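Colleague: Mind looking over this structure? Questions follow.
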Amino acid sequence: MSKSLYVGNLSYDVTDGELADLFNMGSGFVRKVRIATDRESGKSRGFAFVDMVSEHAANLAVGTLNDVVLSGRSIRIRIAEEKGAPRVQYSR
């Protein structure tokens, strides 16, 4: 089962290949990289989704690469929420 990661705070000039290289960590952990782009301009929106080959690879990437500086920006990584999954809201 693959896991998808949300990668935020990306520099607008980071490429799919650069993200794949970073997240592969020399072991072929990445299945797919999708940088979110603006529909009209085609420019990066500053975040991406990286599909990893396993839950273990996804957790390893979060633990190892969160806050790593890539192209001058400290990237933020978390396990992506499944599309359509209910959001849990907490009340005080």
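Colleague: Counting Lys and Arg as +1 and Asp and Glu as -1, each charge on the Cβ, what is the dipole of the chain about the Cα centre in debye, to the nearest 20?
Modeller: My answer is approximately 360 debye.
Colleague: Could you check the simple spin-label distance between Glu55 and Asp67, using points 7 Å along Cα→Cβ, in nm with one decimal?
Modeller: Label at Glu55, label at Asp67, 2.6 nm between them.
Colleague: Which is farthest toward the positive dipole end of the chain among Thr15, Phe29, Leu5, measuring Cα position about the Cα centre, with Cβ charges +1 (Lys, Arg) and -1 (Asp, Glu)?
Modeller: Leu5
Colleague: Going through region 6-42, which trypsin sites (Lys or Arg not before Pro) have at most 12 other Cβ atoms within 10 Å and a DSSP loop state?
Modeller: For trypsin sites (Lys or Arg not before Pro) across region 6-42 that sit outside H, G, I, E and B with at most 12 neighbouring Cβ atoms in 10 Å, the list reads Arg39.
Colleague: Mind giving me the FRET efficiency for Thr37 and Asn9? R0 is 22 Å, r the Cβ-Cβ distance, nearest 0.05 is fine.
Modeller: Between Thr37 and Asn9 the formula returns 0.85.
Colleague: Any chance you could run the full-extension gain for Ala20 through Arg78? It's 0.36 nm times the residue separation minus the Cα-Cα distance, nm to one decimal.
Modeller: Difference between extended and current length: 19.3 nm.
Colleague: Would you kindly state the longest site-free stretch of the chain, with sites defined as chymotrypsin sites (Phe, Trp or Tyr not before Pro) in a DSSP loop (not H, G, I, E, B) surrounded by at most 13 other Cβ atoms within 10 Å?
Modeller: Result for the longest clean stretch: 13-89.
Colleague: Ok, one more. GluC sites (Glu not before Pro) within region 30-85: which are DSSP loop residues with at most 15 other Cβ atoms inside 10 Å?
Modeller: Numbers: sites: Glu40, Glu55, Glu81, Glu82; in loops: Glu40, Glu81, Glu82.
The qualifying sites are Glu40, Glu81, Glu82.
Colleague: Using the 10 angstrom Cβ neighbour count as an exposure proxy, how do Asp16, Asp51, Asp67 rank, fewest first?
Modeller: Ascending Cβ contact count within 10 Å gives the list Asp67, Asp16, Asp51.
A short reminder: the numbers here are calculations on the coordinates, not readings from a lab. Note that the structure is predicted; figures quoted are calculated from it, not measured. Here Cβ is always computed from backbone atoms with ideal geometry, including for glycine, and neighbour counts include all displayed protein chains.
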